[in-house]
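Just below is one structure, and these are the notes that go with it.
The values are calculated or read from the model by the stated rules, or taken from the named source; none is laboratory data. Computed from a predicted model, the values in this text were never measured in an experiment. Note that we place each Cβ from the backbone using ideal geometry, even for glycine, and neighbour counts take in every protein chain shown.
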Amino acid sequence: MKLKSISIICFLMMMLGLLYSFAPDNPYFAISKKDVAIKVPKGFPKPYYDFTKNKVTPDGFNLGRKLFYDPILSNDYFTSCASCHQRFAAFAHIDHPISHGVIGKIGKRNVPALQNLIFQKEFMWDGGINHLDLQPIAPITGEAEMGETMEHVIYKLQNDSVYPKLFYKAFGDSIVTTENFLKSLSQFLALMISADSRYDNYLKGKETFTKPEEEGLKIFRAKCSSCHKEPLFTDNSYRNIGLKPDSSLNDYGRKSITGYPDDFMKFRVPSLRNVEMTYPYMHDGRFKNLQQVMNHYAEGNFFGINLDHELTKTVGLGATEISNITAFLKTLTDKTFLYDRRFADPNFRQ
Amino acid sequence: MIKLIPYSLQFIAGIAVLVAAMSFKSIDRPVHGQVKIQLEFYVGNEKLVLDTFTYKNNLGQLYTISKFKCYLSNISLIQTNKKEFTTSEYYLVDEDDVDSKVINLENVPSGEYSSINITIGVDSIHNCSGVQSGALDPVKGMFWAWNTGYIFMKLEGHSPESKSPGNIFEYHIGGFKEPNNCIRTVTLKFEKSTLSVLREEASVIKIKVDLSEILKTPTTVDFPKLSSVTDFNNATKIADNYKDMFTIIEVK
């Protein structure tokens, strides 16, 4: 009798094990073909990114997501892409003017948000990088960021117990190559599209604005949109907005990329989508909040060398206008994007 | 079974005819051969020895060389009848890697060749279209991450005259955009005799790569004044210098 019950228990345990092995992965992290379909939002331009050279697949996306959240990419095994690109901050680094990387090293610039990257032709504050696939090399090999060499990262991934299998699933080859490594990251980054804010739904007639928000949009279109052009809220240009160079950083922006004196202190016009979440602001994070940014334009105490022509005339912003613009800017917060389960850290158990 | 034999014989005969026809056809096609480009590294008239051998520049300053790497591309061979053979391959030549000093060109149409074109650098398409593999894999250490582009040539070493920490000098030259374009194409004529490409044996082009040229003309590199070029500043000067580093030793 006793033997019988033991064998029944054994049998049940075996069945349970069998069941478990067939159980699907946590559905919160499961990625289907539908999840990786690229949908260009209405009114957005044609993506710069060429998907014919890197088709997004669920396995490629999964691999890219795992890599994005994995500190194996850094020299101290503590810093991942997500250490500085935080999901809840539209992948910027909240409350960090300038970010710190491996072994406490301090960088030079404010972490930009990651969104709508496929519509961007160049990357970084100075536009120094000309392709999304090549972008991750800069932070990975940056001395004050992840402090690695590409060679060593590829070596670590090849010798990991899991990654070769994931590369095989994604690309049909368990040999880890730089090309497949970077393409999987691009697959993850490409899908970060933010186009479902209250502003977007207001344009579609699905959402109403308060009076200040409506007023704010009007002023914004009159005074800000020549550079922060809808629908991406950037014209993808580089401009000098009269910020005095920080003598401790000696960062002169795009001039260090092109060598042209005319590019002195020019930085990328950042998108304002999710701007509420991406504080502090500017390439060096010198402004703590939107009020300070607005004051910069309103006061007009610009550092004169090479100032953008749009700022040579007075912008002219009163206190009410500033508060209305601020109200409008907050309608650009896209909760669908910020809480999109596809971009969550797959290592967390929900 | 017996009945089948004639059929199978017919079949074999058919195959034989087909093979014969195919082999006849191949005679009509141009014959291809192989060309080996052998690179020999020198500093002036001395053979290059990394680290241990001391050389002297035009200004009498002493130096040693610890590293030399460069990208060669768009290699083309020009026949006496002006017909051209071009390869789209990229080659990373590294003084520290014996295999990289021999470039094998396969399927070169047979004929008499009178010159070779070599491009030092990587064209703008390969600098602008995302991640590349093979010789252009960014793991090779010849890639700028912060300002996208390949480093076309690296020359590093030491000179007691250099004011850089550790008395080093380093010239990392790249850039595919004007006015900082460092891509240089050179034509080398086979003055003494033409290069015959035949099917049977590999032909050889021996090229002298004289690294002293990188420091010499038209810009004389003065170590205390210019010990480091690692971005567009002064890069085209070095590029105009490295343009002259190749000469033909012999072709056979």
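Of the residues in the stretch B:181-201, not one is touching a residue at least 12 places away in the same chain (Cβ under 8 Å), more than 14 Å from chain A (Cβ to nearest Cβ), among the polar types (S, T, N, Q) and crowded, with 17+ Cβ neighbours inside 10 Å. The condition of being within 14 Å of another protein chain (Cβ to nearest Cβ) and surrounded by 15 or more Cβ atoms within 10 Å (Cβ to Cβ) holds for only one of A:Gly285, A:Gly242, A:Gly259, that being A:Gly259. Reported count of residues in the stretch A:245-254, each being of a type outside the set (Phe, Trp, Tyr), without any contact (Cβ under 8 Å) to a residue 24 or more places away in the chain and within 14 Å of chain B (Cβ to nearest Cβ), is 0. Among the candidates A:Phe181, A:Phe264, A:Phe188, the residue that is hydrophobic (A, V, I, L, M, F, W, C) and surrounded by fewer than 21 Cβ atoms within 10 Å (Cβ to Cβ) is uniquely A:Phe264. Residues that are under 25 Å from B:Gly166 (Cβ atoms) and acidic (Asp, Glu): does the stretch B:233-245 have at least one? No, the stretch B:233-245 contains no residue that is under 25 Å from B:Gly166 (Cβ atoms) and acidic (Asp, Glu). Of the strands (runs of 3 or more DSSP E) that lie entirely inside the stretch B:38-127, those containing 1 or more residues that are more than 21 Å from B:Ile205 (Cα to Cα) span B:62-79. Look at (1) assigned to a helix (DSSP H, G or I); (2) out of contact with any helix residue (DSSP H, G or I) (no Cβ under 9 Å at 6 or more places or on another chain); (3) surrounded by 16 or more Cβ atoms within 10 Å (Cβ to Cβ) and you find that A:Gln292 fails only one, number (3). As a summary of the residue check, A:Lys66 satisfies the conditions (1) within 14 Å of chain B (Cβ to nearest Cβ); (2) outside any loop (DSSP other than H, G, I, E, B) except for the one numbered (1).
Considering each residue of the stretch B:114-129 in turn, at least one proves to be more than 21 Å from B:Thr247 (Cβ to Cβ), within 10 Å of chain A (Cβ to nearest Cβ) and crowded, with 19+ Cβ neighbours inside 10 Å. Restricting the stretch A:297-350 to residues that are in a loop (DSSP other than H, G, I, E, B) and of a type in the set (Val, Ile, Thr), which is surrounded by the most Cβ atoms within 10 Å (Cβ to Cβ)? Selected residue: A:Thr333. Taking only the stretch A:94-113 into account, find how many residues are surrounded by 23 or more Cβ atoms within 10 Å (Cβ to Cβ) and either on the phi > 0 side of the Ramachandran plot or aliphatic (A, V, I, L, M) (or both). Residues in the stretch A:94-113 being surrounded by 23 or more Cβ atoms within 10 Å (Cβ to Cβ) and either on the phi > 0 side of the Ramachandran plot or aliphatic (A, V, I, L, M) (or both): 2 in total.
One residue stands out in the stretch B:144-157 among those that are more than 20 Å from B:Val209 (Cα to Cα) and in contact with a strand residue (DSSP E or B) (Cβ under 6 Å, 6 or more places away or on another chain): the one that is nearest to the other protein chains (Cβ to nearest Cβ), namely B:Thr148.
One line per residue, one yes/no per condition, for (1) assigned to a loop (DSSP other than H, G, I, E, B); (2) within 24 Å of A:Asp246 (Cα to Cα); (3) in contact with a His (Cβ under 7 Å, 6 or more places away or on another chain):
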residue	(1), (2), (3)
A:Pro97	yes, yes, no
A:Lys108	yes, yes, no
A:Ile140	no, no, no
A:Ala144	yes, yes, no
A:Glu151	no, no, no
A:Ile154	no, no, no
A:Asp160	yes, no, no
A:Lys165	no, no, no
A:Tyr168	no, no, no
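Going through (1) among the polar types (S, T, N, Q); (2) surrounded by fewer than 21 Cβ atoms within 10 Å (Cβ to Cβ); (3) out of contact with any Phe, Trp or Tyr (no Cβ under 8 Å at 6 or more places or on another chain); (4) under 30 Å from A:Tyr168 (Cβ atoms) one by one, A:Asn54 falls short only on (2).
What about A:Gly142, is it within 12 Å of another protein chain (Cβ to nearest Cβ), surrounded by fewer than 20 Cβ atoms within 10 Å (Cβ to Cβ) and over 21 Å from A:Ser271 (Cβ atoms)? The answer is yes for A:Gly142. When each of B:Ser100, B:Ser110 is tested for being at pLDDT below 95 and either away from chain A (no Cβ under 14 Å) or over 30 Å from A:Leu185 (Cβ atoms) (or both), the lone residue that passes is B:Ser110. Being outside any loop (DSSP other than H, G, I, E, B) and within 14 Å of chain B (Cβ to nearest Cβ) is not true of A:Ile219. Can you find even one residue in the stretch B:224-235 that is more than 30 Å from B:Pro109 (Cα to Cα), crowded, with 16+ Cβ neighbours inside 10 Å, in contact with a Lys or Arg (Cβ under 7 Å, 6 or more places away or on another chain) and not charged (D, E, K, R)? The answer is yes, given that some residue of the stretch B:224-235 is more than 30 Å from B:Pro109 (Cα to Cα), crowded, with 16+ Cβ neighbours inside 10 Å, in contact with a Lys or Arg (Cβ under 7 Å, 6 or more places away or on another chain) and not charged (D, E, K, R).
Yes/no matrix, rows are residues, columns are (1) within 12 Å of chain B (Cβ to nearest Cβ); (2) on the phi > 0 side of the Ramachandran plot:
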{"residue": "A:Gly127", "(1), (2)": "yes, yes"}
{"residue": "A:Leu132", "(1), (2)": "yes, no"}
{"residue": "A:Lys169", "(1), (2)": "no, no"}
{"residue": "A:Ser174", "(1), (2)": "no, no"}
{"residue": "A:Thr177", "(1), (2)": "yes, no"}
{"residue": "A:Ile193", "(1), (2)": "no, no"}
{"residue": "A:Asn201", "(1), (2)": "no, no"}
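Which of the residues spanning the stretch A:145-155 are more than 7 Å from chain B (Cβ to nearest Cβ) and under 19 Å from B:Ser133 (Cα atoms)? Of everything in the stretch A:145-155, those that are more than 7 Å from chain B (Cβ to nearest Cβ) and under 19 Å from B:Ser133 (Cα atoms) turn out to be A:Thr149, A:His152, A:Val153, A:Tyr155. Confirm whether A:Ser247 is within 17 Å of A:Glu321 (Cβ to Cβ) and in a loop (DSSP other than H, G, I, E, B). For A:Ser247, the condition - within 17 Å of A:Glu321 (Cβ to Cβ) and in a loop (DSSP other than H, G, I, E, B) - is not met.
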